[in-house]
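Engineer: Attaching a single structure in structure tokens format; questions to follow.
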Amino acid sequence: MTIQTICVCGAGTMGSGIAQVAATAGFTTLLYDVNADMLQKAKAGIEGSLQKLVSKEKITPDQQQQTIGRLRYITDINQCIAEVFIEAIVEKMEVKLSLFNQLAGINTPETIFASNTSSLSITRLAAQISHPERVVGLHFFNPAPLMKLVEVVKTEFNTTATITQMEALVNTMQKTPVVCKDSPGFIVNRVARPYYIEALRLAEEGLADFAQIDELMESTGFKMGPFALMDLIGNDINYAVSCSVYEQLQQPERLKPSYIQEEKVKKGELGRKSGKGYYNY
Ligand code: NAI
């Protein structure tokens, strides 16, 4: 199958970045969201980001215009016709399933369904979609236009040909694919869990505040302290990932999600995207 059109579903933090990457790589790119305001915001974000790249002479004005010309912003699911879908909507299995099943109804059986989920089981997702062999994980990192790594999550259903094609796709996007097995949190989010959870534990116990912890971790060489990073990721997403990994690993005490983060989510203090998280933006 030749890939010409990629449809990215969800125009939030990740979807907008992934759409920019796909369009820059030369694909006709559809960005679909149920929320028209999110699409407007994504369009402004992508165009602003391309403009910055022109100013820094990383791309030419021609490349900027071509990339903009490859992007379509849509709210009508019936226009979502593509060879590859990359889903970056809410971190909830039933919502992702419902989306993929609607898309399966209007696309051919060869269409690839990739999920950008950080923690949900790709195998469980695939098992509930017709032709499960075409469902994979393509896990980009935040911010997608800058971060090189993409975890290509493989299940028992996939053929080698599908995984090879996904690796080639990631390479075309100028990213580095790493194939990994489907397990809770895959590799990076599993390793990173204690970074967030132990930092939250220190704050819960009143041993240090958010800024102190961040400052110290950054001074040891981490690019971002855990609280600044959770604000970048989004507390709703980070908390959902913590809960999902905790449940899938049979609730180990060391990975118990923090009530501080749960409170942040309840108050809508989601981080950069809502203007307030552990810090104000
Ligand atoms: P977000 O909250 O910024 O954006 C989600 C978008 O999906 C919103 O624009 C919303 O309107 C849209 N949406 C919700 N339901 C929809 C539906 N049924 N159909 C179409 N659009 C729908 O979320 P974010 O942070 O971009 O995360 C998306 C996915 O990417 C999640 O699965 C998350 O685990 C994963 N991810 C997030 C990372 C991060 O740093 N935030 C990093 C890597 C993966």
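Engineer: Quick test of your reading of the structure: residue 2 fulfils all but one of (1) surrounded by fewer than 17 Cβ atoms within 10 Å (Cβ to Cβ); (2) among the hydroxyl-bearing types (Ser, Thr, Tyr); (3) in contact with a Ser or Thr (Cβ under 7 Å, 6 or more places away or on another chain). Name the failing condition by number.
Structural biologist: It is condition (3) that residue 2 fails.
Engineer: So is residue 115 free of Cβ contacts under 8 Å to residues at least 24 places away in the same chain, under 19 Å from residue 34 (Cα atoms) and among the hydroxyl-bearing types (Ser, Thr, Tyr) or not?
Structural biologist: No.
Engineer: Evaluate the following for residue 11: is it within 16 Å of the ligand (Cβ to nearest atom), in contact (Cβ under 8 Å) with a residue 12 or more places away in the chain, assigned to a loop (DSSP other than H, G, I, E, B) and farther than 25 Å from residue 235 by Cα?
Structural biologist: Spelling it out, it is not the case that residue 11 is within 16 Å of the ligand (Cβ to nearest atom), in contact (Cβ under 8 Å) with a residue 12 or more places away in the chain, assigned to a loop (DSSP other than H, G, I, E, B) and farther than 25 Å from residue 235 by Cα.
Engineer: Take region 135-151 and flag every residue that is surrounded by fewer than 23 Cβ atoms within 10 Å (Cβ to Cβ) and either more than 10 Å from the ligand (Cβ to nearest atom) or closer than 22 Å to residue 108 by Cβ (or both).
Structural biologist: Result: 145, 146, 148, 149.
Engineer: So, of the residues in region 63-76 that are surrounded by fewer than 19 Cβ atoms within 10 Å (Cβ to Cβ) and β-branched (Val, Ile, Thr), which turns out to be farthest from residue 239 (Cα to Cα)?
Structural biologist: By that ranking, first place goes to 68.
Engineer: While we're looking at this one, here's another question. Using the structure shown, decide if residue 94 is of a type in the set (Asp, Glu), closer than 27 Å to residue 243 by Cβ and loosely packed, with under 13 Cβ neighbours inside 10 Å.
Structural biologist: Yes; evaluated as a whole, the condition is true for this residue.
Engineer: All but one of (1) of a type outside the set (S, T, N, Q); (2) surrounded by fewer than 23 Cβ atoms within 10 Å (Cβ to Cβ); (3) in a loop (DSSP other than H, G, I, E, B) hold for residue 168; which doesn't?
Structural biologist: Looking at each condition in turn, residue 168 falls short on (3).
Engineer: Can you pull out the residues in region 90-115 that are of a type in the set (S, T, N, Q) and in a loop (DSSP other than H, G, I, E, B)?
Structural biologist: We begin by selecting, within region 90-115, every residue of a type in the set (S, T, N, Q); these are 98, 101-102, 107-108, 111, 115.
Within region 90-115, 107, 108, 111 meet the criteria.
Engineer: Regarding residue 79, is this residue at pLDDT 95 or above and buried (at least 16 other Cβ atoms within 10 Å of the Cβ)?
Structural biologist: Details: at pLDDT 95 or above: yes; buried (at least 16 other Cβ atoms within 10 Å of the Cβ): no.
Against the criterion (at pLDDT 95 or above and buried (at least 16 other Cβ atoms within 10 Å of the Cβ)), residue 79 does not qualify.
Engineer: Collect the residues in region 70-86 that are assigned to a loop (DSSP other than H, G, I, E, B), among the charged types (D, E, K, R) and within 15 Å of the ligand (Cβ to nearest atom), keeping them in residue-number order.
Structural biologist: Listed by number, the list holds a single entry, 76.
Engineer: Here's a follow-up. So is residue 271 within 16 Å of the ligand (Cβ to nearest atom) and touching a residue at least 60 places away in the same chain (Cβ under 8 Å) or not?
Structural biologist: Judged against the criteria, residue 271 is not a match.
Engineer: With respect to residue 221, is the statement that it is farther than 22 Å from residue 1 by Cβ, loosely packed, with under 14 Cβ neighbours inside 10 Å and either away from the ligand (no atom under 13 Å from the Cβ) or without any contact (Cβ under 8 Å) to a residue 40 or more places away in the chain (or both) true?
Structural biologist: yes
Engineer: Which residue, of 210, 227, is touching a residue at least 24 places away in the same chain (Cβ under 8 Å), surrounded by 15 or more Cβ atoms within 10 Å (Cβ to Cβ) and out of contact with any Leu (no Cβ under 9 Å at 6 or more places or on another chain)?
Structural biologist: Of 210, 227, the one residue that is touching a residue at least 24 places away in the same chain (Cβ under 8 Å), surrounded by 15 or more Cβ atoms within 10 Å (Cβ to Cβ) and out of contact with any Leu (no Cβ under 9 Å at 6 or more places or on another chain) is 210.
Engineer: Pull up region 116-134, narrow it to residues that are of a type in the set (A, V, I, L, M, F, W, C) and in a loop (DSSP other than H, G, I, E, B), then point me to the one that is surrounded by the fewest Cβ atoms within 10 Å (Cβ to Cβ).
Structural biologist: 129
The values are calculated or read from the model by the stated rules, or taken from the named source; none is laboratory data. Nothing here was measured: the structure is a model prediction, and the numbers come from that model. Cβ sites come from the backbone with ideal geometry, for glycine too, and all protein chains shown count toward neighbours.
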